[in-house]
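Worksheet: the structure to be examined is printed underneath.
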Amino acid sequence: MAETEAAKVYITRELPSAALDPLREMATVRVWPGELPPPPDVLLAEAADADALLTLLTDRIDARIMAAAPRLRAISNMAVGYDNIDVQEASRRAILVTNTPGILTKTTADFAFALLLAAARRVVEADRYTREGRWKTWGPQILLGQDIHDATLGVMGLGGVGLEVAKRGRGFGMRVLYYDKTRKPKEERRYRLAYAEPKELLAESDFISLHVPLTAETHHLIGERELSLMKPTAVLVNTARGTIVDQRALWRFLKERRIAAAAIDVSEQEPIAPDDPLLGLDNIIITPHIASASVATRLAMAKMAVDNLLAAMRGEVPPHCVNREAVRRWRQSLPR
Ligand code: GLV
């Protein structure tokens, strides 16, 4: 992408000006002002003369959009995941795609642990109980939950977030089991984690936290069979992707109290449908995909997404390019 006055960037949501200002100095920037994502026809029209897009995981950037955008050279996604973008098609068209990895790892782990604590000790239910005027006395039997200290935490997927959750578990005096496709002896020794095959992890853990990426293999990784291996007192936490869990099966197990509780930040359909049966249960906490939503991290993500675009506009390969296979043809496609 040439550094010319003509460079046009379309941004699909308002972002902090601290992040956008450097971009405004280099390009004509248009920003979709709505709280909800731009409708597909708006996105299509805006992409038509854009040199670059800055998108969120709610914006579907498919072959149709790319076909309508002959000048498009870079798509910067403000998320670590980029399953909303047809990366193969982008590579075919010599368009670079970037993401924002690393900076959200600890923030996401903090939130996974917040969900774990809240579900274990029934914090959301207890707040509701108080507001509904049901707090009449100190009751020896009311709102009893599960202890966290000395309990066993099972971490499925020991990538960046999984490891941070495991460390938090150790800090709370938990025994920590993990499963990952690749065994991690260094982390095992350093943080005193124990490797377990999935079956053993599901059967032995009091808390199970999911940290695998969404792939064809991990779709419905937790279904009927896996839930039936869990203890009746188990608590399931999902901050990864909704379709990793079979939501119908989860509903049944929670309703029949075959597991104690769950806390999910992601759901199979986002936003979750208002008539989804999970919303009728009191032993599940459901939050709106906010695990990375701290003030500092969201600003850092916006700045990283902008830095990726600025590099592309200078004709440099952006630091967090996810389709390096497209770089050679991308370079050739830049104006000389
Ligand atoms: C959030 O889910 C992300 O992928 O950044």
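The values are calculated or read from the model by the stated rules, or taken from the named source; none is laboratory data. Note that the structure is a prediction, hence the values are computed from the model and not measured. Cβ atoms come from the backbone with ideal geometry, glycine included; neighbour counts cover every protein chain shown. Side chains are part of the model used for accessible areas, which takes the heavy atoms of the whole protein and leaves out ligands, DNA and RNA. Shrake-Rupley method; radii C 1.70, N 1.55, O 1.52, S 1.80 Å.
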- Message: Quick check on Val80: is it surrounded by 17 or more Cβ atoms within 10 Å (Cβ to Cβ) and at pLDDT below 95?
- Response: yes
- Message: Name the residue that is farthest from the ligand (Cβ to nearest atom), counting only residues in segment 92-116 that are assigned to a strand (DSSP E or B) and among the hydrophobic types (A, V, I, L, M, F, W, C).
- Response: Leu96
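From the list Thr215, Thr233, pick out the single residue that is open to solvent by 50 Å² or more (accessible area, probe 1.4 Å) and either in contact with a Gly (Cβ under 7 Å, 6 or more places away or on another chain) or without any contact (Cβ under 8 Å) to a residue 40 or more places away in the chain (or both). Walk me through how you get there before you give the answer.
Numbers: Thr233 fails: either in contact with a Gly (Cβ under 7 Å, 6 or more places away or on another chain) or without any contact (Cβ under 8 Å) to a residue 40 or more places away in the chain (or both).
It is Thr215.
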- Message: Among (1) in a helix (DSSP H, G or I); (2) under 24 Å from the mean Cα position of the chain (by Cα); (3) away from the ligand (no atom under 14 Å from the Cβ), there is one condition Met66 misses while meeting the rest; what is its number?
- Response: (2)
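Taking only segment 294-318 into account, find how many residues are assigned to a loop (DSSP other than H, G, I, E, B), open to solvent by 50 Å² or more (accessible area, probe 1.4 Å) and in contact (Cβ under 8 Å) with a residue 40 or more places away in the chain. Steps first, please.
Step one: of segment 294-318, the residues assigned to a loop (DSSP other than H, G, I, E, B) are 294, 314-318.
Subset that is open to solvent by 50 Å² or more (accessible area, probe 1.4 Å): 314, 316.
Imposing the further condition that a residue be in contact (Cβ under 8 Å) with a residue 40 or more places away in the chain reduces the set to 314.
Number of matching residues: 1.
Would you say Asp83 is in contact (Cβ under 8 Å) with a residue 40 or more places away in the chain and more than 16 Å from the ligand (Cβ to nearest atom)? So that I can check it myself, show each step before the final result.
Values: in contact (Cβ under 8 Å) with a residue 40 or more places away in the chain: yes; more than 16 Å from the ligand (Cβ to nearest atom): no.
No, not satisfied.
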- Query: Mind checking whether some residue in segment 133-145 is surrounded by fewer than 11 Cβ atoms within 10 Å (Cβ to Cβ), farther than 19 Å from Ala261 by Cα and hydrophobic (A, V, I, L, M, F, W, C)?
  - Reply: yes
- From Glu164, Glu89, residue being modelled with pLDDT of 95 or more, surrounded by 18 or more Cβ atoms within 10 Å (Cβ to Cβ) and away from the ligand (no atom under 14 Å from the Cβ): Glu164
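Can you pull out the residues in segment 49-63 that are within 15 Å of the ligand (Cβ to nearest atom) and either among the polar types (S, T, N, Q) or open to solvent by 20 Å² or more (accessible area, probe 1.4 Å) (or both)? Talk me through it step by step, then tell me what you get.
Taking segment 49-63 and keeping what is within 15 Å of the ligand (Cβ to nearest atom), we get 54-61.
Of everything in segment 49-63, those that are within 15 Å of the ligand (Cβ to nearest atom) and either among the polar types (S, T, N, Q) or open to solvent by 20 Å² or more (accessible area, probe 1.4 Å) (or both) turn out to be Thr55, Leu56, Leu57, Thr58, Arg60.
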- Query: When both residues are 6+ apart or on different chains and their Cβ atoms are under 6 Å apart, which pairs have a first residue that lies in segment 262-286 and is away from the ligand (no atom under 16 Å from the Cβ), and a second that is not aliphatic (A, V, I, L, M)?
  - Reply: Pro277/Trp251; Leu278/Trp251; Asp282/Glu125
